[in-house]
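Visitor: A single structure is presented below for examination.
The values are calculated or read from the model by the stated rules, or taken from the named source; none is laboratory data. Keep in mind that this is a model prediction, so the values were computed, not measured. Cβ coordinates were reconstructed from backbone atoms using ideal geometry, including for glycine residues, and neighbour counts include every protein chain displayed. To get the accessible areas, we keep the full protein, side chains included, count just its heavy atoms, and leave off ligands, DNA and RNA. Shrake-Rupley method; radii C 1.70, N 1.55, O 1.52, S 1.80 Å.
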Amino acid sequence: MQRLYNFAFFDEASKREIRRAIVKGISVPGYQVPFASREMPIGRGWGTGGLQVTLAIIGADDVLKVIDQGCDESVNAVNIKKLVCATTDVETVEDTAAATIIQSRHRIPEEPLRSDQVLVLQVPTPEPLRSFEPSEAKTRALHAEADYTGAWLGLFDRIVRFGEGSTGADHPCLVNGRYVMAPSPIPRFDTTKLDGSEHLTLFGAGREKKIYAVPPHTRVAPLDFEDRPFRVEDFDGLSCRLCGASGVYLDEIVDEATGETVHQCNDTAFCAKRRERAAAGDETKGE
Amino acid sequence: MISNDVEIHRMQRAFRTVMNAFAQPGTIAELRDDAVDAAGARDPLMTLVRLFVDQAVTFYCCDDALAERIAVETKARRASQSEALFVVVPAAASACEAGVGEASAGTLVSPEKGATVFVECGRVSATPDEGLAGFEVQGPGVRDVNRFWTDSDEWERVREGRCDEYPLGIEMILVDGEGRLAAVPRSSSVTRMEGGR
């Protein structure tokens, strides 16, 4: 028997459930909207939340880009792309500018996104107060009362222990002056890209059954203290060994044989595009 | 193999139109040819209903005939205006008070339980015109200020009169017979423009 999949894998009732949550998420920026997360043909924790959001919004005319830790070709990104393509036949690209939907884990692309693009972020732990309060019922009450003592205590604890208030990634942010939100495990470098952005960002947490959103032109303020301001990762004086880009998020690579440390762009599509342009420029000059 | 039903694609495009309208409150989006039923009849209000309402949610509609049609078509359960998750307000202006004023604002623990209200207008426009009331929208999704015009200002007076305290509140979608719509989420601040009519 030949099996027919519905367009975008889900039945229409499942899409309605996710779409209702998306609309509420956009309407109350930063608030985690509970939804009936579906079983997916990939394991929970592998991007099922982002995948459900993508499948609920994607259409035949969309162009999809999926990245994992800045890379279009990692196992997670490739498998998600395969599933979406198998059930939608949409075009996939690596060029950020050519995509209409960008699903990502751990990064926001270097190339600034436009208002006609949607960024979907996969979220493992959507609750910024979870390490402070294990009870879901209690964290919901804390959000209701805008009691974010736990988030502030977490930062204070880091200052006491490490002398630095900033987290490694997933730095909690105050959205639209009301909800403290986990921006997913993006580096601090990317957190500032959410503030007043041109594009809509949707966050999907499949295991935790939450969807939330940051609309365009919305204030997203990383939590910090007056005397310990929020700081992004410092790449001053460093540039990509491949394309020469500076002022971007760089990976540090240590050659174990020589002990030499080099840096290169974390966003592989951005790096490749720069190199292609440079090569094209060289060819033009040579003509 | 993918099942490619025309209706599935129509609803997907309609949803993206509505989603973009919520992401940019106060801008005019158009459902165009996606606002038709299976028989090809243009019906933007019912398109919104079909997008979001099903057996998992409740709805309220003051027009009994329309309410019956929605219940039969979507299998959704009817509820009182203060309990329903979706409120459908057909074009009759007098229905606005009953539908919008009493709609659920949600709770502080569950603000998502605030109602989504579909208001059918005579006309929704991105430009001023004779007989239209103008509104300025500010808040998340808006860079400076967005402006749009509708033939009635009753929805705004009733919304203002609710005095909802954010994050409690209702979402509104104003749609006209041509499928032009504007979304006004609870996070938006709406001001009636002086001399906009």
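Visitor: B:Phe118 passes all but one of (1) surrounded by 20 or more Cβ atoms within 10 Å (Cβ to Cβ); (2) touching a Gly at 6+ places or on another chain (Cβ under 8 Å); (3) assigned to a strand (DSSP E or B); which number fails?
Guide: Here B:Phe118 clears every test but (2).
Yes/no matrix, rows are residues, columns are (1) touching a residue at least 24 places away in the same chain (Cβ under 8 Å); (2) farther than 30 Å from B:Val145 by Cβ; (3) in the same structural domain as A:Glu17 (by the TED database); (4) out of contact with any Ser or Thr (no Cβ under 8 Å at 6 or more places or on another chain):
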{"residue": "A:Cys173", "(1), (2), (3), (4)": "yes, no, no, no"}
{"residue": "A:Asn176", "(1), (2), (3), (4)": "yes, no, no, no"}
{"residue": "A:His199", "(1), (2), (3), (4)": "yes, no, yes, no"}
{"residue": "A:Gly206", "(1), (2), (3), (4)": "yes, yes, yes, no"}
{"residue": "A:Ile211", "(1), (2), (3), (4)": "yes, no, yes, yes"}
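Visitor: Same structure, new question: List every residue pair whose Cβ atoms lie under 7 Å apart, where the two residues are 6 or more positions apart in sequence or sit on different chains, the first residue falls within region B:113-129 and is within 14 Å of chain A (Cβ to nearest Cβ), and the second residue, located anywhere, is open to solvent by 60 Å² or more (accessible area, probe 1.4 Å).
Guide: What qualifies is B:Lys113/B:Thr107.
Visitor: Suppose the filter is small (Gly, Ala, Ser), assigned to a loop (DSSP other than H, G, I, E, B), surrounded by fewer than 23 Cβ atoms within 10 Å (Cβ to Cβ) and touching an Asp or Glu at 6+ places or on another chain (Cβ under 9 Å); does A:Ser184 pass it?
Guide: Working: small (Gly, Ala, Ser): yes; assigned to a loop (DSSP other than H, G, I, E, B): yes; surrounded by fewer than 23 Cβ atoms within 10 Å (Cβ to Cβ): no; touching an Asp or Glu at 6+ places or on another chain (Cβ under 9 Å): yes.
No: the conditions fail for A:Ser184.
Visitor: Which condition number does B:Ser82 fail, the rest of (1) crowded, with 23+ Cβ neighbours inside 10 Å; (2) part of a loop (DSSP other than H, G, I, E, B); (3) more than 10 Å from chain A (Cβ to nearest Cβ) being met?
Guide: (1)
Visitor: Can you tell me which residues in region B:51-67 are part of a helix (DSSP H, G or I), in contact with a strand residue (DSSP E or B) (Cβ under 9 Å, 6 or more places away or on another chain) and without any contact (Cβ under 8 Å) to a residue 24 or more places away in the chain? I'd like the intermediate steps shown before the answer.
Guide: So in region B:51-67, the residues part of a helix (DSSP H, G or I) come out as B:51-52, B:64-67.
With in contact with a strand residue (DSSP E or B) (Cβ under 9 Å, 6 or more places away or on another chain) added as a condition, the list becomes B:52, B:66-67.
Across region B:51-67, the qualifying residue is only B:Ala67.
Visitor: Somewhere in region A:7-19, is a residue under 19 Å from the mean Cα position of the chain (by Cα), surrounded by fewer than 19 Cβ atoms within 10 Å (Cβ to Cβ) and either in a loop (DSSP other than H, G, I, E, B) or more than 14 Å from every other protein chain (Cβ to nearest Cβ) (or both)?
Guide: No, the conditions are met nowhere in region A:7-19.
Visitor: Another question, if that's okay. Looking at (1) within 14 Å of chain A (Cβ to nearest Cβ); (2) more than 21 Å from B:Gly177 (Cα to Cα), find the lone condition where B:Val49 falls short.
Guide: (2)
Visitor: A further question on this structure: Which is at pLDDT 95 or above and among the small types (Gly, Ala, Ser), of A:Gly177, A:Gly165? I'd like the intermediate steps shown before the answer.
Guide: Working: A:Gly165 fails: at pLDDT 95 or above.
None of the other options fit; the residue is A:Gly177.
Visitor: So, of the residues in region A:60-87 that are part of a helix (DSSP H, G or I) and open to solvent by less than 10 Å² (accessible area, probe 1.4 Å), which turns out to be nearest to A:Ser104 (Cα to Cα)?
Guide: Narrowing region A:60-87 to residues part of a helix (DSSP H, G or I): A:75-87.
Checking the rest, the ones that are also open to solvent by less than 10 Å² (accessible area, probe 1.4 Å) come to A:77, A:80, A:84, A:87.
On the way: A:Ala77: 8, A:Ile80: 10, A:Val84: 14, A:Thr87: 19 Å.
The extreme case among them is A:Ala77.
Visitor: At pLDDT 95 or above, open to solvent by 30 Å² or more (accessible area, probe 1.4 Å) and among the β-branched types (Val, Ile, Thr): is that true of B:Val72 in this structure?
Guide: Working: at pLDDT 95 or above: yes; open to solvent by 30 Å² or more (accessible area, probe 1.4 Å): yes; among the β-branched types (Val, Ile, Thr): yes.
Yes, satisfied.
Visitor: Can you run down the residue pairs with Cβ atoms below 6 Å, 6 or more apart or on separate chains, where the first is in region B:1-27 and of a type in the set (Gly, Ala, Ser) and the partner is surrounded by fewer than 23 Cβ atoms within 10 Å (Cβ to Cβ) and modelled with pLDDT under 95?
Guide: Pairs that qualify, where the first residue is of a type in the set (Gly, Ala, Ser) and the partner is surrounded by fewer than 23 Cβ atoms within 10 Å (Cβ to Cβ) and modelled with pLDDT under 95, are B:Ser3/A:Leu4; B:Ser3/A:Asn6; B:Ala14/B:Asp34.
A quick yes/no check of all residues on (1) open to solvent by 30 Å² or more (accessible area, probe 1.4 Å); (2) polar (S, T, N, Q); (3) under 24 Å from A:Arg178 (Cα atoms):
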{"site": "B:Thr127", "(1), (2), (3)": "yes, yes, no"}
{"site": "B:Ala133", "(1), (2), (3)": "no, no, no"}
{"site": "B:Trp149", "(1), (2), (3)": "no, no, no"}
{"site": "B:Arg157", "(1), (2), (3)": "yes, no, no"}
{"site": "B:Gly161", "(1), (2), (3)": "yes, no, yes"}
{"site": "B:Ile170", "(1), (2), (3)": "no, no, yes"}
{"site": "B:Gly179", "(1), (2), (3)": "no, no, no"}
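Visitor: Just to be sure I understand, how many residues within region B:1-49 are assigned to a loop (DSSP other than H, G, I, E, B) and among the small types (Gly, Ala, Ser)? Please lay out each step first, then the result.
Guide: Start the filter on region B:1-49 by keeping residues that are assigned to a loop (DSSP other than H, G, I, E, B), which leaves B:1, B:4-5, B:24-28, B:31, B:35, B:37-41, B:43.
Those still in the list that are among the small types (Gly, Ala, Ser) too: B:26, B:35, B:38-41.
Count: 6.
Visitor: Examine region A:40-59 for a residue that is within 12 Å of another protein chain (Cβ to nearest Cβ), open to solvent by 40 Å² or more (accessible area, probe 1.4 Å) and over 16 Å from the mean Cα position of the chain (by Cα), and state whether such a residue exists.
Guide: Checking region A:40-59: not a single residue is within 12 Å of another protein chain (Cβ to nearest Cβ), open to solvent by 40 Å² or more (accessible area, probe 1.4 Å) and over 16 Å from the mean Cα position of the chain (by Cα).
Visitor: Would you check which residues across region A:122-141 are among the β-branched types (Val, Ile, Thr) and either touching a helix residue (DSSP H, G or I) at 6+ places or on another chain (Cβ under 7 Å) or under 15 Å from A:Ala205 (Cα atoms) (or both) and list them? So that I can check it myself, show each step before the final result.
Guide: Going through region A:122-141, the residues among the β-branched types (Val, Ile, Thr) turn out to be A:123, A:125, A:139.
A:Val123, A:Thr125 - these are the residues of region A:122-141 that are among the β-branched types (Val, Ile, Thr) and either touching a helix residue (DSSP H, G or I) at 6+ places or on another chain (Cβ under 7 Å) or under 15 Å from A:Ala205 (Cα atoms) (or both).
Visitor: Looking only at residues in region A:187-206 that are touching a helix residue (DSSP H, G or I) at 6+ places or on another chain (Cβ under 7 Å) and more than 13 Å from every other protein chain (Cβ to nearest Cβ), which one is surrounded by the most Cβ atoms within 10 Å (Cβ to Cβ)?
Guide: Of the residues in region A:187-206, the ones touching a helix residue (DSSP H, G or I) at 6+ places or on another chain (Cβ under 7 Å) are A:200-202, A:204-206.
From what is left, the residues that are more than 13 Å from every other protein chain (Cβ to nearest Cβ) are A:204-206.
On the way: A:Gly204: 33, A:Ala205: 27, A:Gly206: 27.
Here the answer is A:Gly204.
Visitor: Being part of a strand (DSSP E or B), at pLDDT 95 or above and surrounded by 12 or more Cβ atoms within 10 Å (Cβ to Cβ): is that true of A:Ala221 here?
Guide: Values: part of a strand (DSSP E or B): yes; at pLDDT 95 or above: yes; surrounded by 12 or more Cβ atoms within 10 Å (Cβ to Cβ): yes.
Yes: the conditions hold for A:Ala221.
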